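J.: Once you've had a glance at the structure underneath, I'll fire off some questions.
Please treat every number below as a calculation from the coordinates, not as lab data. Bear in mind that the values here come from a model prediction, so they are computed numbers and not experimental data. Backbone-built Cβ (ideal geometry, glycine too); neighbour counts: all protein chains shown.
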């Protein structure tokens, strides 16, 4: 029996928000959503084609805003625009002013290629088998202070309690844009490029 798409999207979105890595389950969920296996191969020319299309005005920012809100992408679950959205990833209010087009495209297609400072995730497993996933804010001889991705709260983890510390890097899953068309991707890039700062209230 095939699971309902809405249920699959909710499960996939929850895993993304919590930064839970489970390759086998992710593969099954993505296949249910029509997303192929993620590719790590960097295609410079494809990125350049998207940049040229956006520069030529082929994308529509308003349509791209709707693409941004699609459940299978779950952009809102991890990023904020005008205080709306999650805090796992950086706020995107001024991404169009802060990044050139080619870097916006790369961040969507190849999220591992570049990480915004402060958003390199780490998983710390303690002796009681709890896993603390988040961003290291500070560390000293006694504790590692980590900002938990689920609560956005900074908490200390005693070094004496740490069993292992694993680098994760970006929490943005590769292959997310495989579920949308090339036209939708161009619209999405156009929308992100149009974000030059917070909307005045």
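J.: Rounded to the nearest 0.05, what FRET efficiency do residue 140 and residue 56 have when you use their Cβ-Cβ distance and R0 = 41 Å?
T.: According to the calculation, E is roughly 0.20.
J.: Relative to the compact-globule scaling 2.2 N^0.38 Å, provide the ratio for the alpha-carbon radius of gyration of segment 40-93.
T.: Cα Rg divided by the expected 2.2 N^0.38 Å: 1.35.
J.: What is the extension gain from residue 71 to residue 114, computed as 0.36 nm multiplied by their sequence separation minus the C-alpha to C-alpha distance, in nm to one decimal?
T.: Between residue 71 and residue 114, full extension yields an extra 13.1 nm.
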